[in-house]
Amino acid sequence: PNVKLVTSDNEEFVVDFRIAKMSVTVSRLMEAMNMSETDDASLLSNSIPLPNVTKAVMARVIEWCEKHKNDEPKEEKENDKRGRTTHVVSDWDKEFLKNDEFGRLCQLMGAANYLEIKGLFNDISQTIANMIHGKKSDEIAEMFNIHCDLTEAEKKEIRKKTAWCED
Amino acid sequence: MDFFSLPDVFLRQMMRTMEIKDRLNMRLTCRTFEELVANSHAGYFTSGRITRNYLDTQNKMLIQIDDQSFDNSTDYRSDKLLNLRNRLFNRITLHSFFIDCDFSLNFLRVFTERFEIEKLTLIVRSKTALENSRHLMSAHSSSKCTLELMFLPEFTEIVALPPMYRLSVWARSEVRFEETCQISTDTFFKLLNTHTNLYTKLVPIKPNDMLKTIKTITATDVQRTVQMLVVPSTIVNWLRFYGISEGSNPARYGEVELITPLKEEYDGSIQLRYRSCLIQMDGFSWIDSGFLVVVSFMNNRG
């Protein structure tokens, strides 16, 4: 069975029921609208409005979901506390996200957050963390277009206080 | 796109995936990042420690979180360490964390108060450190606690220790360093009845104490491992009681099943089973070689 999703710019996406269920938000909406996998009429007569997602971003989300629709559900611990060590971005996901500049990653992350697709959300978090990994403070500032409002004296003080914990 | 306009839930998730070194660098980027680093959960790390740096001649304090060392190369100043921790994260989760309880209790307690530790190992080398360890176990009551005793406390002190996941008594004799220290059979059974897993040095048990030990371990379905050093003659006499000798083949001998007999004299390993308890004996010889046998009892461990 298929489910119709309508984006903020009125684009309709027809997706497999399994893909729709990957989003906790869509699942909840389908439940609220009495849409069930076994009731084709309910699926045909309704569409799910997603006012916080644009057509371009939705296409990317669906591409990610298509790839991951057969994944085994991951065991999530309380507060995802194991995230740092076990959330490894797969090669396919790295490739999927590698050409996204920061602004597009943020839009995709915003959609993953709104749609509550934890796997995609974690992938993007880890990808941005990987972008930061090993960079010096000025490189991080340049990458995210951040203006440094710390004075040289403040920077010196921070460096001084943490100098002994450098390698 | 303004980084800081991203949803809080995302920023917090991202901060949980950062390495400690990256958090240090992020602090220097701007004031908002500095605050974000200080007020976010550092995420889940595999291991950490507060121990003495034994590579350093002055045995200074060494703090380590995964591969990031906070080696205090100038002097040990608790205020400096606490300030750094306050600016690096507001909480952290560690799978395992080792604490040398020789340091000031106040520092250890305050430094780790924002630590969620799954397996806490406390290393104790003195009476004061033992007292510290009791407070730390209480402060981290949800952790699986292991106490590594590097000295042998008085009987009343050791038997008064609260129940814990694992107690290891690695104490050495004060008289001769190379001489193995022993705990009395009475102390051993009291500890066996209190702690889930127990590792000790020499216990002067008699052959009939072997069965008492096994019965205590198998009294419940709890997974337990108990390891101790035993003199070879005790083992030989216990095995002979069941009819197991040098030439015995794998078979059931009364309630004891011989799984792996001693293959070669130099092999030194023999494996048995008693109900749900697997018994592994290493360094074993039918002829008294003068070496102690390492006996491990593993209940419900497959």
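What the table shows:
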item	result
Residue within segment A:28-41 that is buried (at least 16 other Cβ atoms within 10 Å of the Cβ) and closer than 16 Å to A:ALA111 by Cβ present	yes
Which numbered condition B:ILE259 fails, given (1) of a type in the set (Val, Ile, Thr); (2) loosely packed, with under 15 Cβ neighbours inside 10 Å; (3) in contact (Cβ under 8 Å) with a residue 24 or more places away in the chain	(3)
Subset of segment B:67-77 that is at pLDDT 70 or above and facing chain A (nearest Cβ under 9 Å) - its residue that is surrounded by the fewest Cβ atoms within 10 Å (Cβ to Cβ)	B:SER69
Conditions (1) among the β-branched types (Val, Ile, Thr); (2) more than 27 Å from the chain's Cα centre (by Cα); (3) not in a helix (DSSP H, G or I); number of the one not met by B:ILE92	(2)
Residue identified as surrounded by 21 or more Cβ atoms within 10 Å (Cβ to Cβ), over 24 Å from B:SER141 (Cα atoms) and modelled with pLDDT of 80 or more among B:LEU94, B:LEU84, B:LEU36, B:LEU108	B:LEU36
Any hit, segment A:125-134, residues being at the interface with chain B (Cβ under 8 Å from one of its Cβ atoms), at pLDDT 85 or above, surrounded by 15 or more Cβ atoms within 10 Å (Cβ to Cβ) and more than 23 Å from B:GLU34 (Cβ to Cβ)	no
Failed item in (1) closer than 18 Å to B:ASN83 by Cα; (2) out of contact with any Lys or Arg (no Cβ under 8 Å at 6 or more places or on another chain), with B:PHE111 passing the rest	(2)
Options B:ILE279, B:ILE270: the member that is buried (at least 17 other Cβ atoms within 10 Å of the Cβ) and under 17 Å from B:LYS206 (Cα atoms)	B:ILE279
Matching residues in segment B:1-33 - criterion: being more than 7 Å from every other protein chain (Cβ to nearest Cβ) and touching a residue at least 24 places away in the same chain (Cβ under 8 Å)	B:PHE4, B:LEU11, B:ARG12, B:MET15, B:ILE20, B:LYS21, B:ARG23, B:THR32
Subset of segment B:34-58 [of a type in the set (A, V, I, L, M, F, W, C), more than 9 Å from every other protein chain (Cβ to nearest Cβ) and not in a loop (DSSP other than H, G, I, E, B)]	B:LEU36, B:VAL37, B:ALA38, B:ILE50
Selection status of A:GLY110, within 11 Å of chain B (Cβ to nearest Cβ), at pLDDT 80 or above and in a helix (DSSP H, G or I)	yes
Complete set of residues in segment A:135-152 that are facing chain B (nearest Cβ under 9 Å) and among the charged types (D, E, K, R)	A:LYS135, A:LYS136, A:ASP138, A:GLU139, A:ASP149
Close pairs (6 angstrom Cβ cut-off, 6 or more residues apart or separate chains): of a type in the set (Asp, Glu) in segment A:3-32, not in a strand (DSSP E or B) anywhere	A:ASP9/A:THR54; A:ASP9/A:LYS55; A:GLU11/A:LYS55
The one condition in (1) small (Gly, Ala, Ser); (2) within 14 Å of chain A (Cβ to nearest Cβ); (3) buried (at least 16 other Cβ atoms within 10 Å of the Cβ) that B:SER133 fails to fulfil	(2)
A:ILE117 vs. criteria surrounded by 19 or more Cβ atoms within 10 Å (Cβ to Cβ) and more than 30 Å from A:ILE48 (Cα to Cα)	no
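The values are calculated or read from the model by the stated rules, or taken from the named source; none is laboratory data. Keep in mind the model is a prediction, meaning the values are calculated, not measured. Please note: Cβ atoms are built from the backbone with ideal geometry, for glycine as well, and neighbour counts cover all protein chains shown.
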